[in-house]
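S.K.: Take a look at the following structure, please.
The values are calculated or read from the model by the stated rules, or taken from the named source; none is laboratory data. This one's a predicted model, so the numbers in the text were calculated from it and none came from an experiment. FYI the Cβ positions are ideal-geometry reconstructions off the backbone, even for glycines, and counts take in every protein chain you see. In case anyone asks, the SASA skips ligands and DNA or RNA and just uses the protein heavy atoms, side chains included. Shrake-Rupley method; radii C 1.70, N 1.55, O 1.52, S 1.80 Å.
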Amino acid sequence: MLTTIIYRSHLCHDVPVKALEGMVAAANLRNAEANVTGILLFNGTHFFQLLEGPEEQVRRIYHDISQDPRHYNLVELLCDHGPTRRFGKVGMELFDLREHAREEVLQNVLDKGTSPYQLTYNDRALQFFRTFVESTEKGNYYEIPPAESWEFVPTTISDELGPYKASTASEYTLALQPIIDPLAQEIIALEALIFTHDGEISNTYFEGLSGDDIYEIDLTSKKVAFEMVRERDLRGQILSVNLLPMTLVKIPHAVDYLLHEIKINGLVPEQIVVEFTEHEVVSGIEEFTAAVRVLKSAGISVAIDNFGAGFAGLQLLAQFQPDRIKINAELIRDVHKSGPRQAIVQAIIRCCRSLEIVVSALGVEKAEEWMWLESAGISHFQGNLFARPYRQGTPSISWPEKKELL
Ligand SMILES: Cc1cc2nc3c(=O)[nH]c(=O)nc-3n(C[C@H](O)[C@H](O)[C@H](O)COP(=O)(O)O)c2cc1C
């Protein structure tokens, strides 16, 4: 299948531009052997390359290119399939944008095209060319330093979490995972995750239950969470708990129940964030929004968990605005390398900024993901890079510290 990959990257500072000629000559031969064609643009700082050919070969060459130490911050912008090559003649031609008059540069690039049909701007790939040549997206090219430029130093946080005590509820154990602001070295909130002997109370646990049992168990497990939190001295930390949206709808007085449990366990509503997963809301959005109003009037904050994982997210945001949203881990994974993920995350950030909703990122595992997200404007994070869910032993957070690179 004819496959096209487009990426952009940044030339390393210690690589002389002159060295590119030799690299291009060698690459040209390798591409010709693999039946891969394309074009490489260079603007003095950034590369922009289109590779076309059989899927396997294009992916292999792109993989080799992505390991090349002469450039960094590779971001895959497009991976698509089509009937014909756009640049069929050239194995790999370097096109230095600086050598052409600005107004002619795009036409000069298009003149290299070999498509039987005239290359037109209806083509997504060519739209990417235009954007690169005209530098309209340059503000979104974040310069991410190498992962090794940060050290993640585990620091004990018993003071904030209180000493560990085994739970008195034999059915459940509680794990706490911090949501943090890594640069301010601040704990923003603790998410309470409840585990049964079979694993975490989550969607899979509830799938095994039938009828309205699910909602009863969901609600009473919050009582357990608050009781277990009382056993630790959380010193006024914000506590996040997960709730199935329909629990609020199906169980009358669910909010009163929560408020009562919050109170008798020495907590206050303003300290509690209730997180809902977006895809579960779809079936009863009107009733759900009404129930959320009651929750909010009691002082409890509301978050949408795993935003972007389901298909109700934007509709939900139009209907009611939570205090926070947590971007789903799947969108966060390798965000520093993926143009589509970057575009989606940036759109979520822009939208939430307009609505004054706090955004946090879930499932952060790599330093580069975190650095990219910080550059994009997110400052609250949850993920194993910083802290795993804490069940027992000494709780700690790995705060990032900038290393002096020699
Ligand atoms: C911006 C840039 C574009 C490159 N384009 C290609 C290319 O199209 N084809 C290719 O075989 N190598 C290309 N290379 C070189 C590869 O990264 C790599 O050096 C080559 O595949 C040989 O790999 P090896 O040294 O591991 O054998 C490019 C390198 C850079 C920095």
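S.K.: With every protein chain left in place and a probe of 1.4 Å, what is the accessible surface of Arg353, to the nearest 10 Å²?
M.R.: Result for Arg353: roughly 140 Å² accessible.
S.K.: With the crude spin-label approximation of a point 7 Å out along Cα→Cβ, what separation in nm comes out for Ser135 versus Val24?
M.R.: A separation of 2.0 nm, rounded to one decimal place.
S.K.: On to the next question. GNM, the chain, Cα, under 10 Å: largest mean-square fluctuation among Leu74, Leu385, Leu97?
M.R.: Sorting by GNM fluctuation, first place goes to Leu97.
S.K.: Placing +1 on the Cβ of each Lys and Arg and -1 on the Cβ of each Asp and Glu in the chain, which of Phe276, Gly53, Pro322 has its Cα farthest towards the positive end of the resulting dipole?
M.R.: Of Phe276, Gly53, Pro322, it is Gly53.
S.K.: Shifting gears a bit: Leaving ligands and nucleic acids out of the surface, order Glu151, Glu227 by accessible area at 1.4 Å, largest first.
M.R.: Largest to smallest exposure gives the sequence Glu151, Glu227.
S.K.: Which far-off residues, 5 or more places away or on another chain, put their amide H under 5 Å from the one on Glu191, with H placed in the peptide plane?
M.R.: Gln177, Ile179, Ser240
S.K.: Still on this model: Can you give the FRET efficiency to the nearest 0.05 for Arg124 and Arg388, using r as the Cβ-Cβ distance and R₀ = 41 Å?
M.R.: Efficiency computed from Cβ-Cβ geometry: 0.55.
S.K.: Now a separate question. What does DSSP give for the chain in terms of the percent of beta bridges that are antiparallel, rounded to the nearest 5?
M.R.: Numbers: 43 of 68 bridges.
Close to 65 percent.
S.K.: If you don't mind, another one. Counting only protein heavy atoms, what percent of the accessible surface of the range 252-310 is carbon or sulfur at a 1.4 Å probe?
M.R.: Ligands and nucleic acids excluded, carbon and sulfur reach 58 percent.
S.K.: Report the FRET efficiency, 1/(1 + (r/R0)^6), for Asp212 and Tyr257, where r is their Cβ-Cβ distance and R0 is 22 Å, rounded to 0.05. Walk me through the numbers before you get to the answer.
M.R.: Values: r = 15 Å, r/R0 = 0.66.
After rounding to 0.05, the efficiency reads 0.90.
S.K.: Using the C-alpha atoms of the range 301-406, what convex hull volume per residue, in cubic angstrom, is computed?
M.R.: Values: hull volume 13.3 nm³, N = 106.
Per residue, the Cα convex hull of the range 301-406 comes to 125 Å³.
S.K.: Here's a follow-up. With charges set only on the Cβ (+1 for Lys and Arg, -1 for Asp and Glu), what does the dipole of the range 147-402 come to about its Cα centre, in debye to the nearest 20?
M.R.: Once rounded to the nearest 20, the dipole reads 400 debye.
S.K.: Where nothing but the Cβ of Lys and Arg (+1) and of Asp and Glu (-1) is charged, how large is the charge dipole of the range 2-140 around its Cα centre, in debye to the nearest 20?
M.R.: 20 debye
S.K.: Using a Gaussian network for the chain with springs between C-alpha atoms less than 10 Å apart, which of these wobbles most: Val75, Val268, Val229?
M.R.: Of the options given, Val268 has the highest mean-square fluctuation.
S.K.: Expressed in nm to one decimal, what extension gain is obtained for the pair Glu287 and Ser66 from 0.36 nm per residue of sequence separation less their Cα-Cα distance? Present the calculation step by step, with values, prior to reporting the outcome.
M.R.: Working: separation 221, 0.36 × 221 = 79.56 nm, distance 4.93 nm.
Full extension of this stretch gives 74.6 nm more.
S.K.: Another one. Sort Glu134, Glu103, Glu286 from largest to smallest accessible area, using a 1.4 Å probe on the heavy atoms of the protein chains.
M.R.: Glu103, Glu286, Glu134
S.K.: Could I ask something else about it? Output needed: percent of Cα pairs per 10 Å distance bin for the range 257-356, bins running from 0 to the one holding the longest distance.
M.R.: The percentages, shortest bin first, are 14, 41, 30, 12, 2.
S.K.: Now, a different point. Could you point to the residue in Gln107, Gly310, Leu373 farthest towards the positive end of the chain's charge dipole, with +1 and -1 charges on the Cβ of Lys/Arg and Asp/Glu respectively?
M.R.: Gln107
S.K.: For the chain, set up a GNM with springs between Cα atoms under 10 Å and report which of Asp14, Asp256, Asp213 has the largest fluctuation.
M.R.: Sorting by GNM fluctuation, first place goes to Asp14.
S.K.: Taking a ≥ b ≥ c as the square roots of the Cα gyration tensor eigenvalues, with a/c under 1.5 meaning rounded and otherwise prolate when a/b beats b/c, else oblate, which class fits the range 2-140?
M.R.: Rounded.
S.K.: Excluding same-chain residues fewer than 8 positions from Lys222, which lysines have a Cα within less than 19 Å of its Cα?
M.R.: Lys165, Lys250, Lys263, Lys296
S.K.: Also, quick follow-up: Please tell me which of these pairs span more than 28 angstrom C-alpha to C-alpha: Lys326/Lys366; Lys366/Lys403; Lys18/Lys366; Lys337/Lys402; Lys138/Lys366; Lys112/Lys138?
M.R.: In this structure, Lys18/Lys366 lie more than 28 Å apart at Cα.
S.K.: Turning to a different aspect of this structure: Roughly what % of DSSP beta bridges within the range 1-136 run antiparallel, to the nearest 5?
M.R.: If we restrict to bridges inside the range 1-136, about 85 percent are antiparallel.
S.K.: When the helix-only estimate is applied to the chain (DSSP H runs of n ≥ 4, each -39,500 (n - 2.57), divided by the residue count), what is the mean residue ellipticity at 222 nm, nearest 500 deg cm²/dmol?
M.R.: -10000 deg cm²/dmol
S.K.: Ordering Leu174, Leu314 from largest to smallest accessible area (1.4 angstrom probe), what's the sequence? Spell out each step's value before the answer.
M.R.: Details: Leu174 10, Leu314 130 Å².
Largest to smallest exposure gives the sequence Leu314, Leu174.
S.K.: Still on this model: Rounded to the nearest whole Å², what accessible area per residue is found for the chain with the 1.4 Å probe?
M.R.: 48 Å²
S.K.: Let me know the volume per residue of the alpha-carbon convex hull for the range 20-87, in Å³.
M.R.: 95 Å³
S.K.: Counting only protein heavy atoms, what percent of the accessible surface of the range 332-406 is carbon or sulfur at a 1.4 Å probe?
M.R.: Values: 1730 of 3620 Å².
Carbon-and-sulfur percentage of accessible area, whole number: 48.
S.K.: Dividing the Cα radius of gyration by the Kirkwood radius, what Rg/Rh value follows for the chain?
M.R.: Here the Rg-to-Rh quotient is 1.07.
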